[in-house]
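Inspection log for the structure reproduced underneath, given as structure tokens.
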């Protein structure tokens, strides 16, 4: 895939989570109302019913977890929604889909035998997705082909809070 300029909107929830986790180790202070307290960062898991096997080169592809609001978008081509407005024609619809309907988590762990992903995320974001009456979905995507790598699971049913806070 050619290099591209990407929108950071889908990564905002993860970036603010990571800033909250690591802010205590930085030699400076981050003053922003968008950084949640570390006490609100929780560990979650999601089990995928169907995961495609890896084929191709010996180098494993990089995977992401994509959370998608089914009322706004479907998981057909998330790469298009990651493109910046400067790269593709700006439409209010595309900007809304990026900002409100897509959240990307690329810092997570995966157990292939159990088809289980674990990740840390701010609880307000997860509560919002879980409260959306089953409209939010989570799916694994490859970043080398931008194709999906797993079945999509309904966040409300598939994502479980493991009961751990980052500060524990």
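The values are calculated or read from the model by the stated rules, or taken from the named source; none is laboratory data. Remember, it's a predicted structure, so these values are computed and weren't measured experimentally. We place every Cβ from the backbone using ideal geometry, glycine too, and count neighbours over all the protein chains shown.
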With criteria (1) in contact with a helix residue (DSSP H, G or I) (Cβ under 9 Å, 6 or more places away or on another chain); (2) at negative phi; (3) at pLDDT below 95, residue 50 comes up short on (1)
Kindly indicate which of 65, 102 is over 17 Å from residue 158 (Cα atoms), at pLDDT 90 or above and within 15 Å of the chain's Cα centre (by Cα). 102
Filtering region 21-38 down to residues that are part of a helix (DSSP H, G or I) and modelled with pLDDT of 90 or more yields 21, 22, 38
Give region 149-159 a look and list any residue that's surrounded by fewer than 17 Cβ atoms within 10 Å (Cβ to Cβ) and more than 28 Å from residue 39 (Cβ to Cβ), or say none. 151
Do any helices (runs of 4 or more DSSP H) entirely within region 85-168 hold 2 or more residues that are farther than 22 Å from residue 9 by Cα, and if so, which? 155-158
Of all residues being within 12 Å of residue 65 (Cα to Cα) and surrounded by fewer than 18 Cβ atoms within 10 Å (Cβ to Cβ) in region 111-140, which is modelled with the lowest pLDDT? Just the residue, please. 116
